[in-house]
Amino acid sequence: MEKGNVLMVCLGNICRSPLAQGIFEQLSKEFSITVDSAGTARYHIGSTPDPRSIKTALNHGIDISKQKARQFTRLDFDSFDYIFVMDLQNLKNVLELSQTEKERSKVKLLLTNEEVEDPYYFGNQGFEIVFNKIEKACKEIIGLWKQ
């Protein structure tokens with residue numbers, strides 16, 4: 001797996017994908033890449049991440065407070081080499097916007113055989129669980145780049 005620009009995608013771009021963006025940015029500092037995040041829905045465009053995501057990230061030394069939510073667009077297929085989605089519904093939503101096999105090949109679940117559940121309704125502990133899952137996946141991807 002070669003290094004490349006990474007987009008993290010969830011539903012509203014305020015919980016999971018901002019965490020994933022922050023974690024991946026932190027872990028990939030040695031690479032000259034772009035890391036961003038987006039949501040498949042329009043709910044929170046322009047909003048900062050959920051305060052619980054911000055707090056969880058800060059507890060791990062990562063500041064995501066300056067991120068702003070945006071919606072995934074077709075242009076993202078041109079800007080990113082890897083598009084990692086958090087769950088099957090968002091995978092479906094992103095793939096529906098793809099037009100070529102090349103675009104579809106860029107889209108994958110962040111966790112190969114598992115979804116990253118939305119912590120929005122599960123309190124602070126849910127955000128910590130999600131952080132740990134995302135961090136593990138990001139470390140695995142970075143590890144493949146270093147081989």
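Values in this text are rule-based calculations from the coordinates and carry no lab data. This is a predicted model, so every value here is computed, not measured. Heads up, the Cβs are rebuilt from the backbone with ideal geometry, glycines too, and the neighbour counts pull from every protein chain shown.
Look at L109, L144, L97 and count the other Cβ atoms within 10 Å of each Cβ; fewest to most, that gives L144, L97, L109. Pairs with C-alpha atoms separated by more than 23 Å, drawn from the list K106/K139; K29/K133; K106/K133; K102/K139; K29/K139, are K102/K139. Springs between Cα atoms under 10 Å define the GNM used for the chain, and in it the highest mean-square fluctuation of T73, T112, T34 occurs at T112. In this rough spin-label picture, where each label sits 7 Å from Cα along the Cβ direction, the K55-K139 distance is 2.5 nm. Here is the list for the stretch 83-147: trypsin sites (Lys or Arg not before Pro) lying in DSSP coil, each with at most 11 other C-beta atoms within 10 angstrom of its C-beta, are K146. At full extension, L95 and K66 could sit 7.6 nm farther apart than now, given 0.36 nm per residue minus the alpha carbon distance. Note on M1 and N132: their simple-model spin labels are 2.1 nm apart, each label 7 Å out from Cα toward Cβ. In terms of overall dimensions, the chain has a Cα radius of gyration and Dmax of 13.9, 40 angstrom.
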